[in-house]
Amino acid sequence: MRRYNIRAIFDQFPNSPVIFRKIRDYYFVYTVHWTAADAPIGIKELEEMEQLLNRELGTELQYLYRRK
């Protein structure tokens, strides 16, 4: 992927790759290439994806304490 972008696949939505982009010190969902083969993705699922990816990359604290 391009610089500062990460592509991820989640078990719950295996046919819909999610692109994350880095902002400051953490990653957030930039876009989802959703396909009809997967269930619709809601806001709750997107937030869970962000938290899981940031936990895996060691940036979970920055993600949790970001300004909302």
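Computed from the coordinates by the stated procedures, all read-outs in this text should not be read as laboratory data. Since the structure is predicted, the reported quantities are computational estimates derived from the model, not experimental observations. Cβ coordinates were reconstructed from backbone atoms using ideal geometry, including for glycine residues, and neighbour counts include every protein chain displayed.
Would you indicate which of (i) 53, 28, 20; (ii) 34, 26, 19; (iii) 29, 22, 18 is the value of Cα extents along the principal axes in Å derived from the coordinates of this structure?
Among (i) 53, 28, 20; (ii) 34, 26, 19; (iii) 29, 22, 18, the one calculated here is (ii).
Against the longest alpha carbon principal axis of the chain, how many degrees, from 0 to 90 and to the nearest 10, is the axis of helix 43-57 turned?
That helix lies at roughly 60 degrees to the long axis.
Using 0.36 nm per residue of separation minus the Cα-Cα distance, give me the extension gain between Ile43 and Gln12 in nm, one decimal. Please report the intermediate quantities before stating the final value.
Numbers: separation 31, 0.36 × 31 = 11.16 nm, distance 1.42 nm.
Going from the current span to full extension adds 9.7 nm.
Do any trypsin sites (Lys or Arg not before Pro) in region 1-45 lie in a DSSP loop with no more than 15 other beta carbon atoms within 10 Å, and if so, which?
Values: sites: Arg2, Arg3, Arg7, Arg21, Lys22, Arg24, Lys44; in loops: Arg2, Arg3, Arg24.
Of the trypsin sites (Lys or Arg not before Pro), the ones in loops of region 1-45 whose Cβ has at most 15 other Cβ atoms within 10 Å are Arg2, Arg3, Arg24.
Select from the chain those chymotrypsin sites (Phe, Trp or Tyr not before Pro) which occupy a DSSP coil region and have at most 12 other Cβ atoms within 10 Å, ordered by residue number. Mind dumping the intermediate values first?
Working: sites: Tyr4, Phe10, Phe20, Tyr26, Tyr27, Phe28, Tyr30, Trp34, Tyr63, Tyr65; in loops: Tyr4, Trp34, Tyr65.
When the chymotrypsin sites (Phe, Trp or Tyr not before Pro) of the chain are filtered for loop state and at most 12 Cβ neighbours within 10 Å, Tyr4, Tyr65 remain.
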